1. For the range 309-320, how many residues meet the condition of being open to solvent by less than 90 Å² (accessible area, probe 1.4 Å) and either more than 18 Å from the chain's Cα centre (by Cα) or within 10 Å of the ligand (Cβ to nearest atom) (or both)?
2. Take the residues in the range 97-152 that are over 27 Å from Asn44 (Cβ atoms) and of a type in the set (Gly, Ala, Ser); name whichever of them is surrounded by the most Cβ atoms within 10 Å (Cβ to Cβ).
3. Which residue pairs have Cβ atoms closer than 9 Å, lie 6 or more positions apart in sequence or on different chains, and pair a first residue in the range 236-265 that is within 16 Å of Tyr309 (Cα to Cα) with a second residue that is more than 12 Å from the ligand (Cβ to nearest atom) and of a type in the set (Lys, Arg)?
4. Is there a residue being over 18 Å from the mean Cα position of the chain (by Cα) and either farther than 30 Å from Thr155 by Cβ or within 16 Å of the ligand (Cβ to nearest atom) (or both) anywhere in the range 245-252?
5. Hey, can you tell me all the residues within the range 321-343 that are hydroxyl-bearing (Ser, Thr, Tyr) and either within 16 Å of the ligand (Cβ to nearest atom) or loosely packed, with under 15 Cβ neighbours inside 10 Å (or both)?
6. So which residues in the range 276-290 are open to solvent by 80 Å² or more (accessible area, probe 1.4 Å), closer than 17 Å to Ala78 by Cα and of a type outside the set (A, V, I, L, M), if there are any at all?
7. Out of Glu293, Glu354, Glu272, report the one residue that is open to solvent by 60 Å² or more (accessible area, probe 1.4 Å) and either of a type in the set (A, V, I, L, M, F, W, C) or within 26 Å of Val188 (Cα to Cα) (or both).
Amino acid sequence: MTTLLIFTVLVLVAIAVWQMTKIFELSQLKADSANSQIANDADNRTNGYLLFGFLIFIYGITIFSFAKYSKVLLPEAASAHGGEYDTLMWISFAIIFFVQTITQALLHYFGYKYRGEEGKKALFYADNDRLEFIWTIIPVIVLAGLIIWGLYSWTNIMDVNDEDDPLIVELYAQQFNWQARYGGEDNVLGDASVRLIDIDRANVLGLDESDPNATDDVIVKELHLPVGRKVNFYMRSQDVLHSAYMPHFRAQMNCVPGMITEFSFTPTITTEEMRLNPDVVDKVKRTNAIRAEQAAQGVPNKDPWEFDYVLLCNKICGKSHYNMQMKIIVETEEEYNKWIAEQGTFGALMASME
Ligand SMILES: [Cu+2]
């Protein structure tokens, strides 16, 4: 890497020296012989054709990227609001793509059409009110539409309320792991503060032992969610800024030390069902082909991978940030109830410390 950088710097320095020599040479030339440096009709025509070449290049690379890299996009959204979010994104993409295709073609075509020619003079054209009106009002309407729609979706998605009996879950971020806390039987989170953290008694999230709501809280390192039930997340961070990112559910929220942030969504597709999604099946197949190849070369930890939803940290929070993740399992209500019943409560943990 260092060699590459040094090489790049040397090449750039060489180009700079070459350019400076050229400028120096030019400044030494007499006026009449300097004419050879002025573009003639043939030069301008070549540049005009090169413009078309560049246009084909940008269209080509766009189509190529769509064809080759669409497969790395996320699969279908696994939350109730995710569809709305995706639609907004795709409509924005479509508009940008459409406008970009037309304006680039016009830009390059006019560059060619009005290229310099011997004896041709530029037309002085002050302004045209109607044209200016048209190219102002169309973007205004389109952008206002997108922004209003975006704000409407944002308000819908960010509305964290207690309607429909949501499951209450805390996501606790720290360098470099996640823990989740459920409200327990009463579905109410006990009070907590970093000042109450007591490592010796395993009170790692700083729950208030005197708060009765904390007694039945359940702290886990794997997030289980029942499908179809709204979940209200409350995020805390112990140390620095983290960001709770659940890409398959189209959800992301910063975790800020000293405050509680919120996000809410309803998972709609179980982990089992998502594993059968054709996009996911393809991705697993591609990934495992690479892993098998690496395993054959003796690279460790390259066992076949099975799809799971994940909670990732999406803020560069320190050197092990890349590995700060927690598995999310979306399952049926029965499976969830069975799992949560098997987890120990905070009260039981504290009692065992006495
Ligand atoms: Cu982090």
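The values are calculated or read from the model by the stated rules, or taken from the named source; none is laboratory data. Not measured: the values here are computed from a predicted model. Because the Cβ atoms are built from the backbone with ideal geometry, glycine has one as well, and the counts that use them run over all protein chains shown. Remember, those area values only see protein heavy atoms, side chains included, never the ligands or the DNA or RNA. Shrake-Rupley method; radii C 1.70, N 1.55, O 1.52, S 1.80 Å.
1. So the answer is 7.
2. Gly150
3. Phe265/Lys230; Phe265/Arg250
4. So in the range 245-252, the residues over 18 Å from the mean Cα position of the chain (by Cα) come out as none.
No.
5. In the first step, residues of the range 321-343 are kept if they are hydroxyl-bearing (Ser, Thr, Tyr); the result is 322, 332, 336.
Residues satisfying the conditions are Tyr322, Thr332.
6. Residues of the range 276-290 that are open to solvent by 80 Å² or more (accessible area, probe 1.4 Å), as a first pass: 276, 278-279, 283, 285, 290.
Filter once more, keeping what is closer than 17 Å to Ala78 by Cα: 276, 278-279, 283.
Once the filter is applied, which keeps residues that are open to solvent by 80 Å² or more (accessible area, probe 1.4 Å), closer than 17 Å to Ala78 by Cα and of a type outside the set (A, V, I, L, M), the range 276-290 yields Pro278, Asp279, Lys283.
7. After applying the criteria, what remains is Glu354.
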